[in-house]
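Contents: one structure, followed by commentary.
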Amino acid sequence: SSGINAEYGLAQFFKVWAVSAGHALLPWYYILTTPILIAWRVYTYTKLQWQYFCLDYCYFGNLAIFLIALFWPGDPQLTNLLFCLANGLLYTGAFSFRNSLVFHSVDKMTSTYIHSAPVLLSFGVRWFPEETSRFWHASFPSKPAPWSFFWNVSAPLLFSTFHSLFYTVLVYGILRPEKHIVTSYRYLKAKQSTKAIFGPNPSFMAFLLVQFVIVLVMTGVTILTYTYFILHLLQVLVLVVVVTWNGANYYVDVFRVSLSKSKRNKTS
């Protein structure tokens, strides 16, 4: 409804204000907003028979980040893992699913939130820990742990591998959704860009393999962005520019269609 969209738009404005205010409100914003948006996503997607999207890596990644930020914010190793999860495969989801800043759409803004909010939180925790901790119930590490092979490489890979095994067994081994039910694999498989790269009928194993390769590549990227502020800032800016560009294109397309309909109505 228009009321819900207006309230949601106000919440997004508050998020932008929180970021510009110096990261201090980001932990509270993330912890309070994430359960509401995820619950709404599960409810709406179940009604649309899209509920299997809610078992994707992005939701489990958000769950891990949520738990670390809430219960173990002062643990240097776990906040290191928080950074890697937020800026790895979860980050790339914004591009795979073409996230867009479309402020009147709760669905599109929720998708953008799922992939971007953890990135913004990790940026504050990594580079501005004292400011980010100002209103939080515990302090994030003022001196983050140096990158390590386990927390920057092994832990993200293990997390991804565990999720892939869990997802495969649960969805395609136990639940076995009917062909008309949409999953992330079926959604990505139907995209023209996917067919152009992998052929007309890529297998599920190919899907898992590509995901694992992306995790490997992004693991190397997160080592660099964890170490160098300017690289992480660039990574964040790329995300902001892309989702903003996608949103702008969406509005241009909507206005073009609306104008075309208006012209047809006048001539008829």
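The values are calculated or read from the model by the stated rules, or taken from the named source; none is laboratory data. Remember, predicted model here, so these are calculated numbers, not experimental data. Don't worry about glycine lacking a Cβ; one is built from the backbone with ideal geometry, like all the others, and counts go over all protein chains shown. Note: areas computed on protein heavy atoms with side chains; ligands, DNA, RNA excluded. Shrake-Rupley method; radii C 1.70, N 1.55, O 1.52, S 1.80 Å.
Miscellaneous remarks
- For the range 175-186, 3J(HN,Hα) computed residue by residue from phi via the Karplus equation (6.51, -1.76, 1.60; θ = phi - 60°) reads 6, 6, x, 5, 4, 7, 7, 8, 10, 4, 4, 5 Hz, glycine and proline entered as x.
- Contour minus Cα-Cα distance for residue 42 and residue 75 (0.36 nm per residue): 8.8 nm
- Area accessible to solvent at residue 178, 1.4 Å probe radius, in Å²: 120 Å²
- Projecting label points 7 angstrom from Cα along Cα→Cβ for residue 165 and residue 245 puts them 3.9 nm apart.
- Computed FRET value (nearest 0.05) for residue 138 with residue 32, which takes r as the C-beta separation and R₀ as 22 Å: 0.85
- Residue-averaged [θ]222 nm for the chain, counting only DSSP H segments that reach four residues, each worth -39500 (n - 2.57): -23500 deg cm²/dmol
- Accessible area of the chain belonging to carbon and sulfur atoms, whole % at 1.4 Å probe: 72 percent
- Look at the dipole of the range 86-203 built from charges on Cβ: of 192, 175, 165, the Cα furthest out on the positive end belongs to 192.
- Among the protein heavy atoms, those of residue 72 account for about 130 Å² of accessible surface (1.4 Å probe, every chain in place).
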